[in-house]
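The next block holds one structure in the form of structure tokens; read it before the comments.
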Amino acid sequence: MNTGDNAWVLASTALVLLMFLPGLALFYGSMLGQKSMISTIMMVMSSLVIVTFVWVLFGYSFTFGPSVNGIIGGLDYLGFKNVGGEAMDGLGITHMTFAVFQSMFCAITVAIIAGAVVERMRFSAWVIFSALWAILIYAPMAHWVWGGGWLADVGALDFAGGTVIHILSGVSALTAAVILGPRKSYTMNRTSPPHNLVFFFIGGMMLWIGWMGFDGGTALEAGPLASLAVSTTHIAAVAGVIGWLAMEWIVRKKPTLVGAITGAIAAMVAITPAAGFVSIPSSIWVGGLGAIICYLAIYYFKKKIKIDDTLDVFALHGIGGIWGAIATGIFASTEANPNGNDGLIHGNGMQVVHQLVDVGISIVLGIVGTYIILKVMGLFMNLRVSEQEEREGLDLSQHGEQAYNSFEPGTSDSYPQITVEPQALKPANSKV
């Protein structure tokens, strides 16, 4: 075992946890009305808790267990059996480090979907959906691409989850939004504006910082490949901010904080599958164009399809992931990573074809799998809150809490009002 490599991946695990909580929770919750903050945080947090539990019991084994006909992993690692402190073959990290690091990927993929269904999905339904989706959708796709499954033989490149994480979650989010139907406020064109852009900025920057571990840790070593992945991720994000703000300046005449952070996120989604396969100059194109494409998807494509994807999950993660996967096939270079393949601009046009196969499988699995899960769940339970509960706000109706409380003297039994009679007051210069 290489202690430096192991320490880097453990640190990367913590960075991904940071981008998860509080990063994603603040990023999502702050963009909604204030009566949805607690419910959004709870959906993101429950994804971490439920999916990690399921990952230990079944998910890791189904994803990275010995392949059964290239379809699913075997049962060797159920309950983390045989997952210990021994070094993995060909790597300098322990098996347990790898397993826990990968659990974060599964959990955050589920949490991303929450952004499309907040403000209307029952918390109980979300908890069940999270567990089922992780086992039935994420585990097979991750096995096919990373765990020795059949897609690994196709020749597609996906460094840190363009298809497995972003496309899969993006199309699943859109499918869930369609099945649940729009929020009542959406149909009446009365949705709440973002209630706290400072929290949005903090959450967005935590995502940016955590993404260094998300992509850099995927190198599974503290070496040149990690350096490449961290660098391409950061520089792509910078290009994304420039690309998004340029579009805002052209279209709206004013650059915004929301646009700057969203551009960075869109670019990092796009660079995720390419981070360890492209050069620094190529990452600028991947990130910059990724932000512009996502901008167009949000402000033009979404208006045409008229689906209430609350926080534009499909436009950012679905569209951004599709562009990133294709861009990997265009810009990949064996000079950047000898263990990868050359892409279109380096004379290998077939790499784009391989990427398109991977993209297509991810889209089909996400749509069909999510549709079946939610339709079956709907036979046994209500998936969304009532109109009254939605009007009241899910913070109160689902959790009995409010993110922001004001205290007025005399309104709480715990703090009885104390009245001071005016005649009891003494002048400031009183000797008494």
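Mean residue ellipticity at 222 nm from the helices of the chain, using -39,500 (n - 2.57) per DSSP H segment of n ≥ 4 over the full residue count, to the nearest 500 deg cm²/dmol? Walk me through the numbers before you get to the answer.
Numbers: 18 runs with 241 residues, N = 432.
Helices in the chain give a 222 nm mean residue ellipticity of -18000 deg cm²/dmol.
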*For segment 88-145, build the convex hull from the C-alpha positions and give me its volume per residue in Å³.*
93
*If you place +1 on the Cβ of every Lys and Arg, -1 on the Cβ of every Asp and Glu, and leave all else neutral, what size is the dipole of segment 38-185 about its Cα centre, to the nearest 20 Debye?*
700
*Based on Cα positions only, what radius of gyration and what Dmax would you give for segment 224-310, in angstroms?*
13.6, 45
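For segment 203-347, go through all pairs of different Cα atoms, get the mean of 1/r, take its inverse, and jot down that Kirkwood value in Å.
Values: mean 1/r = 0.0664 Å⁻¹.
One over the average 1/r among Cα pairs gives 15.1 Å for segment 203-347.
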*Enumerate the whole-percent occupancy of each 10 Å bin, from 0 to the last occupied one, for all C-alpha pair distances of segment 177-242.*
18, 28, 23, 22, 9, 1
*Could you work out which residue, out of V353, V230, V145, moves most in a Gaussian network model of the chain, that is, has the largest mean-square fluctuation with Cα springs under 10 Å?*
V353
*Excluding same-chain residues fewer than 8 positions from K35, which aspartates and glutamates have a Cα within less than 13 Å of its Cα?*
E119, E389, E390, E392, D395, E401
*Treating the beta-carbon of each Lys and Arg as +1 and of each Asp and Glu as -1, no other charges, what is the dipole magnitude of the chain about its Cα centre, to the nearest 20 debye?*
1360
*Of S283, S61, S192, the one that fluctuates the most in a GNM where the chain has Cα springs shorter than 10 Å*: S192
*Cα centre as origin, Lys/Arg/Asp/Glu Cβ charges: segment 304-375 dipole, Debye*: 280
*What is the list of residues in segment 200-225 whose amide nitrogen lies under 20 Å from a point 7 angstrom out from the Cα of Y299, following Cα to Cβ?*
201
_So with the 1.4 Å probe, I'd like the accessible area per residue for segment 57-190, rounded to whole Å²._
33
*Just report the Cα centroid separation between segment 182-217 and segment 70-131, whole Å.*
23
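Write out the chymotrypsin sites (Phe, Trp or Tyr not before Pro) in segment 293-400 meeting two conditions: DSSP loop, and at most 15 other Cβ atoms within 10 Å of their Cβ. Write out the running numbers ahead of the final one.
Numbers: sites: Y295, Y299, Y300, F301, F314, W323, F331, Y371, F380; in loops: F380.
Qualifying residues, ordered by number: F380.
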*Most mobile listed residue (N348, N82, N189) in the chain, GNM with C-alpha springs under 10 Å*: N189
*Zero-based 5 Å bins, Cα pair distances in segment 273-395, whole percents*: 2, 10, 14, 15, 16, 13, 10, 7, 5, 4, 2, 0
*Which of the aspartates and glutamates could a cross-linker span from K304 if the Cα-Cα distance has to be under 14 Å and same-chain partners fewer than 8 positions apart are dropped?*
D312
_Angle check, please: helix 123-133 long axis (alpha carbons) against the longest principal axis of the chain (alpha carbons), in degrees 0 to 90, nearest 10._
10
*asked:* 7 Å from Cα along Cα→Cβ at both D89 and L356: what's the point-to-point distance in nm?
replied: 3.5
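Report the trypsin sites (Lys or Arg not before Pro) located in segment 271-313 that are in a DSSP loop and have at most 15 other Cβ atoms inside 10 Å of their Cβ, or state none. Kindly include the intermediate steps, with their values, before the conclusion.
Details: sites: K302, K303, K304, K306; in loops: K306.
When the trypsin sites (Lys or Arg not before Pro) of segment 271-313 are filtered for loop state and at most 15 Cβ neighbours within 10 Å, K306 remain.
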*Dimensions of the chain along principal axes (Cα, Å, largest first)?*
90, 53, 53
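Cα-Cα pairs above 21 Å in segment 35-134: how many percent? Write out the running numbers ahead of the final one.
Numbers: 1982 of 4950 pairs.
In whole percent, the share of Cα-Cα pairs in segment 35-134 beyond 21 Å is 40.
What FRET efficiency, computed as 1/(1 + (r/R0)^6) with R0 = 51 Å and r the Cβ-Cβ distance, is obtained for E401 and S227, rounded to the nearest 0.05? Can you show the working numbers first?
Details: r = 44 Å, r/R0 = 0.86.
The computed FRET efficiency comes out at 0.70.
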_I'd like to know which of T109, T187, L168 lies farthest towards the positive end of the charge dipole of the chain, counting +1 on Cβ of Lys and Arg and -1 on Cβ of Asp and Glu._
T187
*Taking DSSP loops as anything outside H, G, I, E and B, show the longest stretch in the chain free of GluC sites (Glu not before Pro) there with at most 16 other beta carbons within 10 Å.*
87-334
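How much of the accessible area of the chain, in percent, comes from carbon and sulfur atoms when a 1.4 Å probe is used? Intermediate results must be reported in sequence, preceding the final value.
Working: 12010 of 18450 Å².
Here it works out to 65 percent.
The values are calculated or read from the model by the stated rules, or taken from the named source; none is laboratory data. For clarity, every value in this text was computed on a predicted model and none was experimentally measured. Using ideal geometry, Cβ is built from the backbone for each residue, glycine included, and neighbour counts are taken over all protein chains shown. In case anyone asks, the SASA skips ligands and DNA or RNA and just uses the protein heavy atoms, side chains included. Shrake-Rupley method; radii C 1.70, N 1.55, O 1.52, S 1.80 Å.
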